[in-house]
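Visitor: Submitted below is the structure of interest, expressed as structure tokens.
The values are calculated or read from the model by the stated rules, or taken from the named source; none is laboratory data. As the structure is a computational prediction, the values presented were derived from the model and not from experiment. Please note: Cβ atoms are built from the backbone with ideal geometry, for glycine as well, and neighbour counts cover all protein chains shown.
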Amino acid sequence: MSGNERKAPGSRAEREKSVDEIYERIYVAILEHRLHPGTKLGEERLADIFGVSRARVREVLARLAHEQIVELVPQRGAYVAKPTIEQARDVFEARRLIEPAVLRRLVDTLTPEKVTRLRQHVELEADARRRGDKRAVIRMSGEFHTLAAELAGNSSLARTMRELCMLTCLIIFLYDAPTAQSCRDDEHQMIIDAVAKRDRGRAEKLMLEHLDHIESSLSLDDGNGEADLEAIFRA
Ligand SMILES: [Zn+2]
């Protein structure tokens, strides 16, 4: 799309934020729930904020759209995606298929360094919880899953996990029940313990339960008038 621009020589081009940097800034803002589903991402405003050309912003938005994180509406522009309930269910179905495979591969390729990386991440998550830093907790919970996929060493799986985690973040934002949590406090720890013991079966089982806990904490009823009145009034 704007391949020419990327190659443009000169100091201005070097000072300018790269597509990767801008992508990362938007990615983190979504992960931290600072950027809400449905927010308009105006090309001109973003170009202004990041001090880059609109062409570069368009490139970032196209990449986010390709990953289903941004929706491009003809004549109207780009918006942070608002996954439907059906899409939300699809995301969890995909995660239930992929994440046990990620853990199997992780166990098969496990090194002490990988265990250390995962434990360090969980420590940081626990720190953020203790500080009550909700944004960091949400972001790091998602990143735990992406990190596991990266360490498993399959770049396609890692890429897919990254997208699914970002979509999950949007879904949690949209369908969060008042009591919902993204990832429960100690479950990542338990998953790592099983991985460290090379107990594939237990690691997979814990991951599936973990995903069930996230999905069931959301309000993903289909809004077809079949509200669970029992749950609403007997709570
Ligand atoms: Zn988790």
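Visitor: Mind telling me which of the residues L220, L157, L167, L174 ends up being outside any helix (DSSP H, G or I) and modelled with pLDDT under 95?
Guide: Testing whether each residue is outside any helix (DSSP H, G or I) and modelled with pLDDT under 95 leaves just L220.
Visitor: Considering only the stretch 149-162, I want to know if a residue exists there that is closer than 12 Å to C183 by Cβ and surrounded by 18 or more Cβ atoms within 10 Å (Cβ to Cβ).
Guide: The answer is no, given that none of the residues of the stretch 149-162 is closer than 12 Å to C183 by Cβ and surrounded by 18 or more Cβ atoms within 10 Å (Cβ to Cβ).
Visitor: How about the stretch 20-52: which of its residues are surrounded by fewer than 17 Cβ atoms within 10 Å (Cβ to Cβ) and more than 30 Å from C183 (Cα to Cα)?
Guide: G42, E44, R45, D48, I49, G51
Visitor: Next up: Looking at R135, R117, R184, which one is touching a helix residue (DSSP H, G or I) at 6+ places or on another chain (Cβ under 9 Å), within 11 Å of the ligand (Cβ to nearest atom) and touching a residue at least 12 places away in the same chain (Cβ under 8 Å)?
Guide: Answer to the selection: R184.
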